[in-house]
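Undergrad: Shown below is the structure under consideration.
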Amino acid sequence: MQNAMLSQRLLAGVIAVFAITTASVAAMAQSSLTNQGGDQTAKEIERYRQALGDGNPAELWEARGEDLWKQKRGPKNVSLEQCDLGLGAGMVKGAYTVLPKHFEDSGKVEDLESRLVTCMVMLQGFSYIEAKKNPFGGPDNKSSMEALVAYIAGASRGLKMNVSGKQPDEKRYYELGKKMFFHRGGTHDFSCSTCHGASGQRIRLQDLPNLLKQDQAQRAYTTWPAYRVSQGETRSFQWRLYDCFRQQRFPELEFTSEASIALTMFLAKNANGGVMNAPAIKR
Amino acid sequence: MSDPMRIRAILNGDKVDVRVLMAHEMETGQRKDAAGKVVPAHFIQSVTVTCKGKTVLSAQWGPAISKNPTLSFKFSGAKVGDKVIVSWTDNKGDKRTDEAPITAPS
Amino acid sequence: MNRREVLRTSSGTMVMALAASAGLLKADAAYAEEWNKTAFEVKNLNDVVKALGGTTATESKDISFVNAPDIAENGAVVPVGAASKIPKTELIAILVEKNPNALSANFTIPDGTDPIITTRVKMGQTSNIYALVKADGKYFYAVKEVKVTLGGCGG
Amino acid sequence: MNLIKALGVIIVFSFSDAAFSAPAKMDPKNDFAAKDATSIAAQEMMRNSFKTRGQASVDRLNQDETQALCSQYQDNPPKSVRAKIEAINQKLLKYPADGKLLGDWKEGEKIAQSGIGKQFTDNPDNPSGGNCYACHQLTKTELSYGNLGPTLYNFGKVRGYSEAITKYAYGKIANSQAFSACSNMPRFGNAGTHGVILTEKEIKHLTALLMDPASPVNN
């Protein structure tokens with residue numbers, strides 16, 4: 001089913017390329033010439049990325065997140081160490097690979113961020129408002145959420161994504177997320193699929209993974225959260241979606257909203273089998 | 001106040017490979033905040049790395065060093081277990097010192 | 001460059017520096033060498049050399065860049081390293097010609113430390129970068145261009 | 001059954017979020033969106049998950065017929081639907097009343113480089129960019145270009161500086177889907193029901209960037 005859809009899309013892509021290049025033979029000759037320049041650029045960008053890999057400031061977030069996880073906080077003055085992230089209370093290692101997941105205690109499908117909110121409310125006694133207050137850090141504003149996310153994701157490094165998606169609500173979320181992926185709207189007619197529905201595409205010099213193809217979905221999902229050098233911040237997957245929709249010219253995606261989790265379910269499950277390598281470092 | 005540095009000092013042959021990651025805004029003094037006000041410069045000005053009481057590297061930095069700076073270099077004359085001590089001071093007078101023992105390659 | 005200028009940079013620094021000069025604190029190495037304000041304020045290679053106490057710098061093939069890419073995907077973080085094969089290298093500095101102030105960093109290399117360092121700098125735009133070396137009292141440099149590219153869907 | 005359960009979840013969710021912000025309101029007239037159960041649930045979910053910020057109001061989630069059809073067919077509609085979409089957009093496409101299609105390529109280059117505009121973080125008083133380089137190669141000198149669209153380098157030179165090609169270039173920028181259903185390219189002059197991205201004058205500048213023999217695109 002999935003494969004049929006993919007090959008259909010690939011075929012459509014091929015047809016589109018032909019339609020474009022039939023404009024004129026001269027244009028084709030021109031484009032192959034300029035592509036050589038493009039390859040050189042791509043090679044240099046690759047060198048830049050490798051040089052970045054040399055030291056990842058996300059480590060600073062991971063260290064802070066580990067402290068926050070163990071620190072007694074909130075009205076109940078307890079740590080998060082008894083939080084069940086999906087593999088049982090206190091199990092951090094590998095937890096990121098099974099999320100999003102349906103939790104009996106909350107009755108909801110939760111991704112890592114919404115699960116942390118639940119634990120902060122249920123274990124530590126924070127209000128929902130308090131727990132969701134500062135999801136994304138900025139200059140002189142440290143987000144506890146992003147630090148916790150960096151620590152927990154980091155504890156799944158080297159482990160394979162393994163989202164179940166079998167529970168009925170998980171299945172529903174997957175389907176809703178898929179619908180959302182193709183939902184065009186706004187001033188620019190963009191959907192997620194505009195940029196992430198075909199292979200070999202890039203915006204400016206940034207490669208755009210085709211999130212409908214397993215290998216690319218794996219590579220993309222397993223490198224979030226990530227330190228963004230353009231922002232000097234370690235960003236969570238919730239932030240990745242939030243900022244994609246901003247650039248898509250959509251209204252503001254609410255932190256840990258149902259739509260954000262449904263879309264994460266769709267993308268995480270498509271990445272099953274991919275080996276986690278986050279927090280990564282990106283431009 | 002500031003987060004601890006991450007320091008790695010690994011003995012490769014007779015040389016110690018040092019990598020340091022620091023948590024600092026490295027504000028240039030040119031950026032404007034959302035309200036259009038210039039954010040004052042705030043950056044690390046000096047860095048000193050010592051081992052066994054001897055300075056193995058010192059540096060002066062301007063605001064053009066990237067946020068959350070990294071630094072790597074090599075020195076000789078130390079063994080596994082010796083401590084590498086890194087200190088920085090910024091233009092507001094804030095300071096931080098962290099240390100890490102030299103380890104064997106894993 | 002004079003001491004008073006440095007003292008004015010912030011009250012925190014002033015208190016510390018005064019305390020150090022009065023012998024109240026053991027002056028550590030960082031304070032033994034005051035931050036060279038002038039060097040960090042001038043706009044080009046020659047003026048930096050002068051601010052560091054030299055007169056002129058000559059280009060040298062014995063200085064190489066390490067890790068520095070030809071194209072940077074983002075100017076906020078550009079990895080730059082420099083290595084010197086010139087005997088008695090005592091200082092390596094990194095300059096970005098088109099930044100508001102040219103000098104980014106200035107490393108003092110004592111005996112026993114390899115004359116090779118890497119760090120990361122900000123670049124406002126495509127520019128030449130210089131690796132400046134002081135060896136046996138003389139100044140040498142190498143230069144290369146790093147292109148900074150635009151990115152993103154909403155930039 | 002599943003749907004009812006899911007709606008329950010939505011209600012719980014929007015209730016717990018109620019103190020955080022006012023629940024999103026969407027134009028109830030969203031006639032074109034798909035009507036199958038999953039699509040309705042997805043629209044409901046999105047309505048409850050996005051909120052208006054700045055110029056980006058929640059009604060941007062509403063779809064015009066073109067957007068709805070492209071979503072429904074996952075950007076790859078059958079021939080008949082494709083023809084329908086192109087016909088709708090041919091009707092929307094308007095050429096300048098003064099008959100002039102070319103502006104100043106230098107202004108066009110600035111518009112092609114700029115990616116700002118219409119985001120909730122953008123100032124609505126400032127003009128929007130076209131962000132052409134995000135998807136197209138245009139000149140020899142700009143290395144940072146994307147490839148979602150074809151290269152446009154030497155656009156006028158290889159096609160000839162004819163009236164027909166000029167008109168096609170203008171039309172394609174103003175409303176890409178009048179020529180190619182479910183194109184990834186925004187309809188800069190006819191942005192669905194959500195207003196225009198670029199003015200007639202700005203589209204003329206971009207047309208000049210492609211069609212002026214002196215433009216760096218053709219040199």
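Undergrad: Go through chain A and flag any cysteine with no other cysteine's C-beta closer than 4.7 Å, please.
TA: Taking the Cβ cut-off of 4.7 Å, the unpaired cysteines of chain A are A:Cys192, A:Cys195, A:Cys244.
Undergrad: Past the 33 angstrom mark, what percentage of all C-alpha to C-alpha distances in chain D do you count?
TA: Of all Cα-Cα distances in chain D, 27 percent exceed 33 Å.
Undergrad: Further question on the same structure: Hey, can you rank A:130-140, C:55-65 by average C-beta count inside 10 Å, highest first?
TA: Highest-to-lowest ranking by the protection proxy: A:130-140, C:55-65.
Undergrad: Given a Förster radius of 35 Å and the C-beta distance between D:Ala164 and D:Glu107 as r, what FRET efficiency does 1/(1 + (r/R0)^6) yield to the nearest 0.05?
TA: Taking R0 as 35 Å, the efficiency between D:Ala164 and D:Glu107 is 0.90.
Undergrad: If I compute solvent accessible area with a 1.4 Å probe over the protein chains, what percent of it on chain D is carbon and sulfur?
TA: Looking at chain D in its full context, I get 58 percent from C and S.
Undergrad: On to the next question. If each Cα of segment A:58-283 is one equal point scatterer, what is log10 of I(q)/I(0) from the Debye formula at q = 0.08, 0.12 Å⁻¹?
TA: So the normalised log intensities are -0.26, -0.61.
Undergrad: When every alpha-carbon pair in segment D:164-204 is counted, what percent end up more than 11 Å apart?
TA: Of the Cα pairs, 60 percent sit more than 11 Å apart.
Undergrad: Set the Förster radius R0 to 45 Å, insert the Cβ-Cβ distance between B:Ser76 and C:Lys98 as r into 1/(1 + (r/R0)^6), and round the FRET efficiency to 0.05.
TA: 0.75
Undergrad: Nothing charged except the Cβ atoms of Lys and Arg (+1) and of Asp and Glu (-1): what's the magnitude of the dipole of segment C:34-148 about its Cα centre? Round to the nearest 20 debye.
TA: Charge dipole of segment C:34-148: 160 debye, to the nearest 20.
Undergrad: Given the convex hull over the Cα atoms of chain B, what projected area results after averaging over all orientations, in nm²?
TA: Average projection, Cα convex hull of chain B: 7.3 nm².
Undergrad: Which value, in Å² rounded to 10, gives the accessible area of D:Thr38 with a 1.4 Å probe and all protein chains present?
TA: Its accessible surface works out to 50 Å², give or take rounding.
Undergrad: Collect residues whose amide H, placed 1.01 Å from N in the peptide plane, falls under 5 Å from the amide H of A:Met91; neighbours closer than 5 in sequence don't count.
TA: The list, which skips near neighbours in sequence, is A:Leu85.
Undergrad: Just D:Pro78, D:Pro124, D:Pro96 to compare: in a GNM of chain D, with alpha carbon springs under 10 Å, which one fluctuates most?
TA: D:Pro78
Undergrad: Run the helix sum for the protein assembly as shown: -39,500 (n - 2.57) per DSSP H stretch of 4+ residues, divided by residue count, reported at 222 nm to the nearest 500 deg cm²/dmol.
TA: -10500 deg cm²/dmol
Undergrad: For peptide A:170-183, compute the average count of partner chain beta-carbon atoms within 10 Å of each residue's beta-carbon.
TA: Taking all residues of A:170-183 together, the mean is 5.
Undergrad: Among A:65-76, A:45-56, how do they line up by average Cβ neighbours within 10 Å per residue, starting with the highest?
TA: A:45-56, A:65-76
Undergrad: Now a separate question. When the Karplus curve 6.51 cos²θ - 1.76 cosθ + 1.60 is applied with θ = phi - 60°, which whole-Hz ³J(HN,Hα) does each residue of segment C:71-79 get, with x for Gly and Pro?
TA: Listing the rounded values in order: 10, 10, 6, 8, x, 5, 9, 10, x Hz.
Undergrad: Quick one: Karplus J couplings for segment A:192-207, per residue in order, coefficients 6.51, -1.76, 1.60, θ = phi - 60°, nearest Hz, x for Gly and Pro?
TA: Values per residue, Gly and Pro as x: 4, 5, 3, 9, 10, x, 9, 8, x, 9, 8, 9, 6, 9, 8, 5 Hz.
Undergrad: Compare D:Ile173, D:Ile197, D:Ile116 in a GNM of chain D, Cα atoms joined below 10 Å, and give the one with the largest fluctuation.
TA: D:Ile116
Undergrad: Please work out the Kirkwood hydrodynamic radius for the protein assembly as shown, using every pair of different C-alpha atoms, and report it in angstroms with one decimal place.
TA: When all Cα pairs of the protein assembly as shown are included, the Kirkwood radius is 28.4 Å.
Undergrad: Starting from the Cα of B:Lys83, step 7 Å along the direction of its Cβ; do the same at A:Gln167; then give the gap between the two resulting points in nm.
TA: Those two pseudo-labels are separated by 4.9 nm.
Undergrad: Applying 1/(1 + (r/R0)^6) with R0 = 22 Å to the Cβ-Cβ distance of A:Lys160 and D:Lys35, what FRET efficiency is obtained, to the nearest 0.05?
TA: Taking R0 as 22 Å, the efficiency between A:Lys160 and D:Lys35 is 0.05.
Undergrad: Over its Cα atoms, what ratio of radius of gyration to 2.2 N^0.38 Å does segment A:96-157 give?
TA: Compared with the compact-globule rule of thumb, segment A:96-157 sits at 1.15.
Undergrad: Here's another thing I want to ask about it. Mind checking the full-extension length gain between D:Lys201 and D:Lys100? Use 0.36 nm per residue of separation minus the Cα-Cα distance, one decimal, nm.
TA: Taking D:Lys201 through D:Lys100 to full extension adds about 35.4 nm, to one decimal.
Undergrad: If you roll a 1.4 Å probe over the heavy atoms of the protein chains, what accessible area per residue do you get for segment A:58-283, in Å²?
TA: 32
Undergrad: On to the next question. Per residue of D:68-76, how many C-beta atoms from partner chains lie within 10 Å of its own C-beta, taken as a mean?
TA: 6
Undergrad: What residues have an amide H closer than 5 Å to that of C:Ile117, excluding those fewer than 5 places away on the same chain, when H is modeled at 1.01 Å from N in the peptide plane?
TA: Placed amide hydrogens put C:Ala82 under 5 Å from C:Ile117.
Undergrad: Here is a further query. Can you give me the long-range amide H partners of B:Ser46? Hydrogens built in the peptide plane at 1.01 Å from N, cutoff under 5 Å, separation of 5 or more residues or another chain.
TA: B:Trp61, B:Thr89
Undergrad: Please list 3J(HN,Hα) in residue order for segment C:118-128, calculated via the Karplus relation 6.51 cos²θ - 1.76 cosθ + 1.60 where θ = phi - 60°; whole Hz, with x for glycine and proline.
TA: 9, 8, 9, 10, 8, 10, x, 6, 3, 7, 6
Undergrad: Total Lys pairs in segment A:145-283 closer than 19 Å by alpha-carbon, pairs eight or more apart in sequence or interchain only?
TA: Here the count comes out as 12.
Undergrad: I would also like to ask the following. Run the simple label-point estimate for C:Asp70 and C:Lys85 please: 7 Å along Cα→C-beta, distance reported in nm.
TA: It is 2.2 nm.
Undergrad: For segment A:192-283, build the convex hull from the C-alpha positions and give me its volume per residue in Å³.
TA: 98
Undergrad: Which of the three applies to segment D:90-140, rounded, prolate or oblate, going by the alpha-carbon gyration tensor with a ≥ b ≥ c and a/c under 1.5 meaning rounded?
TA: Cα axes put segment D:90-140 in the oblate bin.
Undergrad: Note down the nm distance, to one decimal, between modelled labels 7 Å out along Cα→Cβ at A:Lys76 and at A:Arg219.
TA: Between A:Lys76 and A:Arg219, the simple spin-label model gives 4.3 nm.
The values are calculated or read from the model by the stated rules, or taken from the named source; none is laboratory data. Every value quoted in this text rests on a predicted model; they were computed, and no experiment measured them. No Cβ is skipped: glycine too gets one built from the backbone with ideal geometry, and neighbour counts run over all protein chains shown. To get the accessible areas, we keep the full protein, side chains included, count just its heavy atoms, and leave off ligands, DNA and RNA. Shrake-Rupley method; radii C 1.70, N 1.55, O 1.52, S 1.80 Å.
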